[in-house]
1. Need pairs with beta-carbon distance below 7 Å; first residue touching a residue at least 12 places away in the same chain (Cβ under 8 Å) and within the range 291-305, second of a type in the set (D, E, K, R) and open to solvent by 10 Å² or more (accessible area, probe 1.4 Å); sequence gap 6+ or separate chains.
2. Residues of the range 270-313 being among the charged types (D, E, K, R), over 30 Å from L200 (Cα atoms) and outside any loop (DSSP other than H, G, I, E, B), which ones?
3. Looking only at residues that are in a loop (DSSP other than H, G, I, E, B) and more than 11 Å from L317 (Cα to Cα) in the range 56-68, which one is most open to solvent (accessible area, probe 1.4 Å)?
4. Which residue out of V377, V361 is of a type in the set (A, V, I, L, M, F, W, C) and part of a loop (DSSP other than H, G, I, E, B)?
5. Tell me which residues, restricted to the range 179-201, are closer than 22 Å to E368 by Cα and of a type in the set (A, V, I, L, M, F, W, C).
6. Which residue is surrounded by the most Cβ atoms within 10 Å (Cβ to Cβ), if the candidates are limited to the range 69-83 and must be hydrophobic (A, V, I, L, M, F, W, C) and in contact (Cβ under 8 Å) with a residue 24 or more places away in the chain?
7. Could you check how many residues of the range 314-326 are outside any helix (DSSP H, G or I) and of a type in the set (F, W, Y)?
8. Looking at L309, L303, which is the one that is open to solvent by 10 Å² or more (accessible area, probe 1.4 Å) and in contact with a strand residue (DSSP E or B) (Cβ under 9 Å, 6 or more places away or on another chain)?
Amino acid sequence: MRKFLKCSMALAIGTSVAGQPVLAAEMVTELGEPEGQLTIVAWPGYIERGETSPDFDWVTSFEEATGCMVGVQTANTSDEMVALMNEGGFDLVTASGDASLRLVAGDRVQPINIDLIPSWGDIDDRLKQAPWHYVEGVQYGVPYMWGPNVLMYNTEIFAEPPESWNVVFEAQTLPDGQSNEGRVQAYDGPIHIADAAQYLMFHQPELGIVSPYELNQDQYDAALDLLRQQRQIVSRYWHDAFIQIDDFVNEGVVASGSWPFQVNLLQSQEAPVASTIPKEGATGWADTTMMHSEAENPNCAYLWMEHSLSSNLQSDLSVWFGANPAVPAACTDGRGMQTAEGCTRNGFDDFERIRFWQTPVSSCESQERCVPYYRWVSDYIGVIGGR
């Protein structure tokens with residue numbers, strides 16, 4: 001007979017993400033027999049089995065070693081991830097910081113027992129207790145990968161990397177003598193408001209923005225005004241990485257905020273693209289593997305979380321996605337494709353310069369009161385709709 005997991009009730013934690021107490025779900029204390037299957041909600045490109053490129057496959061070896069067959073549901077935005085986890089039926093999710101705290105507050109994920117993850121000690125110390133998955137002394141996830149949101153551009157239009165994000169925020173003539181109107185894109189997610197706020201931190205310091213995720217009403221209104229201005233030049237609000245790739249190849253798009261994943265795929269196809277982090281800096285993502293509070297396959301889930309920290313997986317994923325591994329040794333130990341120079345190119349030394357995605361809440365730290373995330377959601381829909 002199958003061994004069942006032994007569980008204990010974790011301690012209730014006293015603060016909350018949005019002002020209400022958060023009660024920790026049960027935490028696994030002992031692993032049993034693998035269930036034979038596992039379902040993961042993941043960003044595109046995060047869980048590869050060699051189908052996109054035969055050189056990148058970290059699923060097949062896991063399935064062969066554990067008997068846990070992996071099913072993947074891709075999600076293109078953090079809001080999609082939260083919605084899928086709310087629906088249930090999944091074991092794990094690779095959540096960014098603008099989703100993870102919502103999942104904790106909504107009791108959609110459970111505490112992680114790091115004693116059951118032998119490779120925990122290999123994780124970058126900068127990530128072990130990051131505030132987007134470590135809440136009041138409780139671990140809610142295993143760090144996976146991190147990196148910046150980059151400005152991707154067409155090298156046939158820009159002989160030199162754009163110095164500023166203004167090429168996607170403000171109407172202007174590009175180096176080829178043509179307008180940027182209809183040739184740039186913006187991200188189809190409310191968290192893009194933070195990109196506007198970050199831009200304003202540099203260009204309008206009198207607004208007093210300390211964090212792009214903590215905006216009072218005046219700061220928030222200024223960010224929305226900038227986004228309404230951007231609306232006049234944007235050809236598409238993208239959320240599907242592969243559609244954005246096609247738009248750069250076939251639809252005349254020449255600049256957009258993007259992920260290193262799209263840049264790498266386009267460059268592998270010899271498309272004339274490159275990426276940069278302009279002078280204003282960048283927002284970014286530090287993604288965490290989190291376990292559903294009602295996961296049906298917890299044994300396989302824990303086996304995957306351990307597997308996700310193997311340096312060869314971390315190394316190859318870092319190369320594939322153009323991101324930085326949660327396990328620093330993956331940059332140098334030679335077990336995968338990544339090198340120290342590659343990690344440097346991916347921004348491994350720029351951790352302190354990146355403002356990682358977080359869920360905006362009203363009870364913020366930098367000022368008396370901030371505009372909460374539900375407002376970001378409704379107002380950004382209005383911006384996209386031309387209001």
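1. Once the first residue is touching a residue at least 12 places away in the same chain (Cβ under 8 Å) and sits in the range 291-305, its partners that are of a type in the set (D, E, K, R) and open to solvent by 10 Å² or more (accessible area, probe 1.4 Å) give H292/R108; S293/D107; S293/R108; N297/E35; N299/E33; N299/E35; C300/E35.
2. Narrowing the range 270-313 to residues among the charged types (D, E, K, R): 270, 279-280, 287, 294, 296, 306.
From what's left, over 30 Å from L200 (Cα atoms): 270, 294, 296, 306.
Across the range 270-313, the qualifying residue is only E306.
3. By that ranking, first place goes to G67.
4. Details: V377 fails: part of a loop (DSSP other than H, G, I, E, B).
Among V377, V361, only V361 is of a type in the set (A, V, I, L, M, F, W, C) and part of a loop (DSSP other than H, G, I, E, B).
5. Once the filter is applied, which keeps residues that are closer than 22 Å to E368 by Cα and of a type in the set (A, V, I, L, M, F, W, C), the range 179-201 yields I191, I193, A194, A196, A197, L200, M201.
6. First, pick out the residues of the range 69-83 that are hydrophobic (A, V, I, L, M, F, W, C): 69-70, 72, 75, 81-83.
Among the residues that remain, those that are also in contact (Cβ under 8 Å) with a residue 24 or more places away in the chain are: 69-70, 72, 75, 81-82.
Numbers: M69: 15, V70: 22, V72: 19, A75: 23, M81: 28, V82: 22.
Result: M81.
7. 0
8. Working: L309 fails: open to solvent by 10 Å² or more (accessible area, probe 1.4 Å).
Among L309, L303, only L303 is open to solvent by 10 Å² or more (accessible area, probe 1.4 Å) and in contact with a strand residue (DSSP E or B) (Cβ under 9 Å, 6 or more places away or on another chain).
The values are calculated or read from the model by the stated rules, or taken from the named source; none is laboratory data. As the structure is a prediction and not an experimental result, all values here were calculated from the model. So basically every Cβ, Gly included, is an ideal-geometry build from the backbone, and we count neighbours across all protein chains shown. These accessible areas exclude ligands, DNA and RNA; they are computed on the full protein's heavy atoms, side chains included. Shrake-Rupley method; radii C 1.70, N 1.55, O 1.52, S 1.80 Å.
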